[in-house]
1. Does the range 373-387 contain any residue that is within 14 Å of the ligand (Cβ to nearest atom), modelled with pLDDT under 90 and surrounded by fewer than 18 Cβ atoms within 10 Å (Cβ to Cβ)?
2. I'd like the full set of residues that are at positive phi, within 21 Å of the chain's Cα centre (by Cα) and either open to solvent by less than 50 Å² (accessible area, probe 1.4 Å) or of a type outside the set (Asp, Glu) (or both), limited to the range 219-256.
3. Can you tell me how many residues in the range 51-62 are touching a residue at least 24 places away in the same chain (Cβ under 8 Å) and touching a Lys or Arg at 6+ places or on another chain (Cβ under 9 Å)?
4. His85 fails exactly one of the following numbered conditions: (1) over 19 Å from the mean Cα position of the chain (by Cα); (2) not in a helix (DSSP H, G or I). What is the number of that condition?
5. As an exercise: evaluate Phe104 against (1) more than 21 Å from Ala59 (Cα to Cα); (2) more than 12 Å from the ligand (Cβ to nearest atom); (3) open to solvent by 10 Å² or more (accessible area, probe 1.4 Å) and give the number of the one condition it does not meet.
6. Scan the range 257-284 for residues that are touching a Lys or Arg at 6+ places or on another chain (Cβ under 9 Å) and crowded, with 16+ Cβ neighbours inside 10 Å and report the count.
7. Could you count how many residues in the range 168-218 are open to solvent by 40 Å² or more (accessible area, probe 1.4 Å) and in contact with a helix residue (DSSP H, G or I) (Cβ under 6 Å, 6 or more places away or on another chain)?
Amino acid sequence: MNLDFTPEDRAFRREVRDFLSAALPADLRRKMIERRHLGKADIVRWQQIMNARGWAVPAWPVAYGGQPWTPTQRYIFQEEMALAHAPEGSPFNVNMIGPVIAKFGTAAQKERFLPATANIDIWWCQGFSEPGAGSDLAAIKTGAVRDGDDYVLNGQKIWTTQAQHADWMFALVRTDNSGKKQQGITFLLLDMRTPGITIRPIPSIDGISDLNEVFFDDVRVPVENRIGEEGKGWDYAKHLLGHERSGIARIGLSKERLGQLRHLQADMTARGRLSAVEQARLARKLAEAEVELRALELTQLRVVAADAQGGGANSAASILKVKGTELRQRMTELALELAGPAGLAMPDHHDAADDHADPADGWIAAAAPFYFTMRKVSIFGGSNEIQKNIVAKTVLGL
Ligand SMILES: Cc1cc2nc3c(=O)[nH]c(=O)nc-3n(C[C@H](O)[C@H](O)[C@H](O)COP(=O)(O)OP(=O)(O)OC[C@H]3O[C@@H](n4cnc5c(N)ncnc54)[C@H](O)[C@@H]3O)c2cc1C
């Protein structure tokens, strides 16, 4: 298996790097470096810049705005995005609903939704989880009863990220209770302005209210907004959840973070803020993290190479998710250690960097909120415990 980059891959890397260094607005870059919260306007602005370049939705089919990139090029692109401190587009638009509509939508749905989704003229949210249906997603209970040309929805979703911003939701609903729980699930697109929808924010530990409960009381959804067949929603949901697995480890983000931690460590040392003992202890921990990151990168490249050779689904994806998220969380722990007692303060996450007297210490103010917010990465997208179950079954054969 050849893990080297070809001359074409290296030229592609330069092209991406040059574009990002010219196109990424300085204020967005700074917010990303300081781990500040990005608002809707930030994400829309950047996704529209990328869409104008044709790179907002590279993994979609070419006919709908995707790029004919190899798995290796997709990997390089994602790594360069992270190293340039570029924000990612809306995952709900780019990685989730776009590919589902492109594959299973009607011609009318494609025409109506895909260009607007790529350009983020429509902001989507994901209505999958419910109280009692998270890891066991097929246990959803929100009911949709057919009434003429509409479905009438009653029930509740939870943990709906950014529902407060959303124009549309893609949701799993139950249209039949008679068979196995995976059967009888239907995939609907619903306009968030429809009467009967109530959104209640759930404040999270990092001080942000991006999570929500969404309630449906007799919400009417036209049948034309159903994806595919009634009762086949589980198949479309599996396609959605399995999409873009090649980037799941987020190696680029961890590399960028490690580089930044090294830079901060040198800066803190130069300013006399770290004792010799602390310097040595942190240097060892950073080295340990780097060794693990390199090992993960090799695993990731093996998956990319297998993909490039048409390897298809690879059970290593669960290993990448577990190790990738553990490492991302480790980076936030190291940042807190580096910050020392000053990092214990929990400022307003939105303006964390501005709360600090010395601009060089902006990152310290963001260390605690970022540490807390990153707890989520081992929960969403299939919790790490669930991924370990998958590894036990499919990799270890237990
Ligand atoms: C920040 C954040 C954003 C989210 N955004 C969205 C969103 O936009 N839309 C959406 O639909 N959902 C969203 N979710 C929900 C997310 O998908 C669920 O939280 C996740 O699937 C876990 O489900 P749960 O919270 O119900 O926990 P549970 O499934 O109840 O699990 C609780 C604990 O038990 C463990 N566990 C469960 N089953 C097993 C098992 N069989 N073996 C071993 N351990 C097990 C889990 O790993 C976990 O530690 C979000 C979650 C978070 C944290």
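The values are calculated or read from the model by the stated rules, or taken from the named source; none is laboratory data. No experiment lies behind these values; they were computed from the predicted model shown. Here Cβ is always computed from backbone atoms with ideal geometry, including for glycine, and neighbour counts include all displayed protein chains. The area values use the complete protein model at the heavy-atom level, side chains included, leaving out ligands, DNA and RNA. Shrake-Rupley method; radii C 1.70, N 1.55, O 1.52, S 1.80 Å.
1. For the range 373-387, residues within 14 Å of the ligand (Cβ to nearest atom), modelled with pLDDT under 90 and surrounded by fewer than 18 Cβ atoms within 10 Å (Cβ to Cβ): present.
2. Here is the first cut: in the range 219-256, the residues at positive phi are 228, 231, 244, 250.
Going one step further and asking which of them are within 21 Å of the chain's Cα centre (by Cα), we end up with 244, 250.
Correct list: Arg250 only.
3. 2
4. His85 satisfies all of (1) over 19 Å from the mean Cα position of the chain (by Cα); (2) not in a helix (DSSP H, G or I) except (1).
5. Of the numbered conditions (1) more than 21 Å from Ala59 (Cα to Cα); (2) more than 12 Å from the ligand (Cβ to nearest atom); (3) open to solvent by 10 Å² or more (accessible area, probe 1.4 Å), the odd one out for Phe104 is (1).
6. Of the residues in the range 257-284, 1 are touching a Lys or Arg at 6+ places or on another chain (Cβ under 9 Å) and crowded, with 16+ Cβ neighbours inside 10 Å.
7. Number satisfying all stated conditions: 4.
Rundown of residues vs (1) modelled with pLDDT under 95; (2) under 18 Å from the mean Cα position of the chain (by Cα); (3) surrounded by 13 or more Cβ atoms within 10 Å (Cβ to Cβ), yes/no style:
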{"residue": "Ala11", "(1), (2), (3)": "no, no, no"}
{"residue": "Ala22", "(1), (2), (3)": "no, no, no"}
{"residue": "Asp27", "(1), (2), (3)": "no, no, no"}
{"residue": "Ile33", "(1), (2), (3)": "yes, yes, yes"}
{"residue": "Ala41", "(1), (2), (3)": "no, yes, no"}
{"residue": "Val57", "(1), (2), (3)": "no, yes, yes"}
{"residue": "Gly66", "(1), (2), (3)": "no, no, yes"}
